[in-house]
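Asks: Quick one: this structure, given as structure tokens, is what I'll be asking you about.
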Amino acid sequence: MPAGDDVTSSAANDFAAGGQRGAFAFATTHWSIVLEAQGESPVAQEALEKLCRIYWRPIHSFLRRQGLAQEEAEDLTQGFFALLLERRDLSAVRREKGRLRSYLLTALKHFLSDERRRAMAIKRGKGQRLIPLEEVLTDEWMDMEPADPLTAERIYERRWASTVLERVLNLLQDEYAATRNAALFDSLTQLLADEPGAPPRADIAAQFGMTENAVTQAFHRFRKRYQSLLREEIAHTVATPGDIEDELRHLIAVVRA
């Protein structure tokens, strides 16, 4: 199974090649809850905290590309989210078309340019580690981010896309694990790339005691469920159903670039 961005890139390209624009039921999502309540209710606060915990990696990537040391970037990431959760200043949301991706980047730039807000990083969440930065693989991030020729904005976009796609694959993996099909998930994931290195379906069929046709049908269900989960995940980061397709196109463009 390919690692890191290889997995997510393959998944996005597969979606672009074989995705279908089926109807998607836009339920009340995490971001829409935050926007509707403007962060004043416990439910909205919980939703915003969840979004922050999921999408901290693009923030950290942006800060590292600014030339900040690992420890300083971690502190500023914590300070940024501490301030965001404390003030819940969503005045820029309308200007950013109600998209979490754009809103967070704009808010981060304001945070960095304002010395008063920078000072808030000292609070570091009032002594609490709000975001699970211990998950960062220090060596990987220190080697990749500062040397990357891309701009901070493009790194942010790329990491955002990677975070979305990785989360979707993890959700799908959990579903397969719950039905004791974790090994089948690993094999089907390798088919997403549709490249010469992918295992022959005949080999997968032999491994699991299936026919090749059964593997094809299993992969069709796998890809369809992946596409559905991807739309659901994107829906959590936009304010209206009409933004889902635009955000999906943007994500695919970022991965392909």
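The values are calculated or read from the model by the stated rules, or taken from the named source; none is laboratory data. Everything quoted here is computed from the prediction, not taken from an experiment. When we count neighbours, we look across all protein chains shown, and the Cβ atoms used for this are built from the backbone with ideal geometry, even at glycine. Quick note on the areas: whole protein, heavy atoms, side chains included, nothing else; ligands and nucleic acids left out. Shrake-Rupley method; radii C 1.70, N 1.55, O 1.52, S 1.80 Å.
Asks: Got a sec? Which of 2, 58 is closer than 16 Å to residue 163 by Cα, modelled with pLDDT of 85 or more and either open to solvent by 30 Å² or more (accessible area, probe 1.4 Å) or part of a helix (DSSP H, G or I) (or both)?
Replies: Step by step, each of 2, 58 is checked, and only 58 is closer than 16 Å to residue 163 by Cα, modelled with pLDDT of 85 or more and either open to solvent by 30 Å² or more (accessible area, probe 1.4 Å) or part of a helix (DSSP H, G or I) (or both).
For every residue, the table says whether it meets (1) at pLDDT 70 or above; (2) among the charged types (D, E, K, R); (3) assigned to a helix (DSSP H, G or I).
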{"site": "12", "(1), (2), (3)": "no, no, yes"}
{"site": "15", "(1), (2), (3)": "no, no, yes"}
{"site": "26", "(1), (2), (3)": "no, no, no"}
{"site": "44", "(1), (2), (3)": "yes, no, yes"}
{"site": "76", "(1), (2), (3)": "yes, no, yes"}
{"site": "91", "(1), (2), (3)": "no, no, no"}
{"site": "95", "(1), (2), (3)": "no, yes, no"}
{"site": "107", "(1), (2), (3)": "yes, no, yes"}
{"site": "111", "(1), (2), (3)": "yes, no, yes"}
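Asks: Take segment 208-249 and flag every residue that is within 13 Å of the chain's Cα centre (by Cα) and in a helix (DSSP H, G or I).
Replies: Correct list: 229, 230, 231, 232, 233, 234, 235, 247, 248.
Asks: Taking the options 99, 167, 154, 158, name whichever one is at pLDDT 70 or above and open to solvent by less than 60 Å² (accessible area, probe 1.4 Å).
Replies: Residue meeting the stated conditions: 99.
Asks: Okay, moving on. Can you name the residue in segment 132-148 that is modelled with pLDDT under 55 and outside any helix (DSSP H, G or I) and is also most open to solvent (accessible area, probe 1.4 Å) among such residues?
Replies: Per the criteria, the residue is 137.
Asks: Which of the residues that make up segment 183-240 are open to solvent by less than 20 Å² (accessible area, probe 1.4 Å), polar (S, T, N, Q) and either in contact with a Phe, Trp or Tyr (Cβ under 7 Å, 6 or more places away or on another chain) or under 19 Å from residue 163 (Cα atoms) (or both)? Don't jump to the end; show me each part of the working.
Replies: Start the filter on segment 183-240 by keeping residues that are open to solvent by less than 20 Å² (accessible area, probe 1.4 Å), which leaves 185, 187-189, 191-192, 204-205, 215, 218-219, 222, 226-227, 229-231, 233-235, 237-238.
If we keep only those that are polar (S, T, N, Q) as well, we get 187, 189, 227, 237.
Correct list: 189, 227, 237.
Asks: Something else: Is it the case, given these coordinates, that residue 39 is open to solvent by less than 20 Å² (accessible area, probe 1.4 Å), modelled with pLDDT under 75 and not in a helix (DSSP H, G or I)? If you could, list the steps in order and put the result at the bottom.
Replies: Details: open to solvent by less than 20 Å² (accessible area, probe 1.4 Å): yes; modelled with pLDDT under 75: yes; not in a helix (DSSP H, G or I): yes.
Spelling it out, residue 39 is indeed open to solvent by less than 20 Å² (accessible area, probe 1.4 Å), modelled with pLDDT under 75 and not in a helix (DSSP H, G or I).
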